[in-house]
Each structure stands twice: as C-alpha cells, then as structure tokens.
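A quick write-up on the structure given underneath.
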Amino acid sequence: MIRSVSLRPATRQDIDRLYQWRNDPEIYRWFRNQDEELDWHDHVKWFQNRPEKQEELIIEYMGEPVGVVSLATDGDVGIYLGEKRLWGKGIASEALGKAIEDKKEELSAEIHVDNTGSQQLFERHGFERTGQEGKWIQYRKPRSR
C-alpha cells in the first residue's frame with residue numbers, strides 16, 4: 001500500500017493542469033472521446049458543465065497532483081496519471097482502490113485493446129471483461145452487497 005496517495009475533488013485551481021494532461025498525446029490516445037488536442041475554451045466549458053454528481057478526483061502523491069480518477073453518474077470509471085514519470089509505480093492502483101472502495105453500485109469501464117496496463121489494473125480491482133466494441137473492451141464490476 002502506498003500511503004502517500006490521496007484523492008480530493010478537482011477544483012478550479014486544477015484547470016490548467018488538467019488541460020495540460022488532457023492535451024498530452026501519450027495520455028489522450030487512451031481516451032474514448034478524444035483523438036486530438038483540446039481547445040482551451042472547450043476544456044473550460046467541459047469543466048464548468050460536468051454533471052453535478054460526477055466525481056473528478058485529483059490523485060495526489062506525496063502532496064502533489066499527479067492524475068485523475070473520474071467517476072461518472074452512470075458508474076463509469078476512468079483513470080490516468082498525468083505525470084508520466086510515475087507510471088508503473090502502483091500509484092494508479094492505489095488511487096483506483098481508494099476511489100471505488102465504498103461504492104456499492106455496479107461500476108463499468110471501457111479500455112482500449114492496446115492498453116494492457118489499464119486492463120490489468122481494472123482486473124486487479126474486481127472488474128470483469130464483458131464484451132468488446134471495436135477497439136474498446138467493456139468491463140463491469142458487480143454491485144457490492
């Protein structure tokens with residue numbers, strides 16, 4: 001367990017950092033709904049118009065923002081580390097575990113077929129592969145009792 005990983009809600013102060021991360025081609029190549037750099041105004045509009053109950057959680061490692069866990073109102077989960085120097089160190093696994101540990105509802109994720117690291121990450125946290133649509137594998141984590 002990495003004790004220096006914590007989660008907090010994204011705030012307006014994170015908007016520049018999120019924009020930088022979301023515009024990195026090595027990161028957005030794994031996003032289902034983004035295949036090019038974002039326009040700043042579109043990014044701000046996205047941030048301001050997120051559903052009220054959607055959670056955009058900033059992953060902090062040793063007190064520094066390093067990534068995001070997103071929990072949509074329909075139970076869809078997404079995660080990325082924006083600080084690539086920290087990839088492969090277990091931070092995403094710790095963050096995902098913390099983000100979903102108290103969730104009782106069914107959760108889902110869609111992961112690109114080439115993103116084996118994310119596939120393994122979600123499978124370690126109880127997500128099961130349920131299908132595939134083109135290059136996207138569907139995962140479900142059954143409702144907790």
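What follows is calculated from the coordinates using simple rules that are stated; it is not laboratory data. What you see is a predicted model, and the numbers here were worked out from it, not measured in a lab. Please note: Cβ atoms are built from the backbone with ideal geometry, for glycine as well, and neighbour counts cover all protein chains shown.
Restriction of the chymotrypsin sites (Phe, Trp or Tyr not before Pro) in segment 105-145 to DSSP coil positions whose beta-carbon has at most 15 other beta-carbons within 10 angstrom yields no sites.
Cross-link partners of Lys53 among lysines, defined as those whose alpha carbon lies under 19 angstrom from its own and excluding same-chain residues fewer than eight positions apart: Lys45, Lys98, Lys103, Lys104.
Across segment 5-103, Cα-Cα distances exceeding 22 Å account for 24% of all pairs. Taking the chain as a Gaussian network of alpha-carbon nodes connected by springs under 10 Å, the highest mean-square fluctuation of the residues Val69, Val113, Val77 belongs to Val113.
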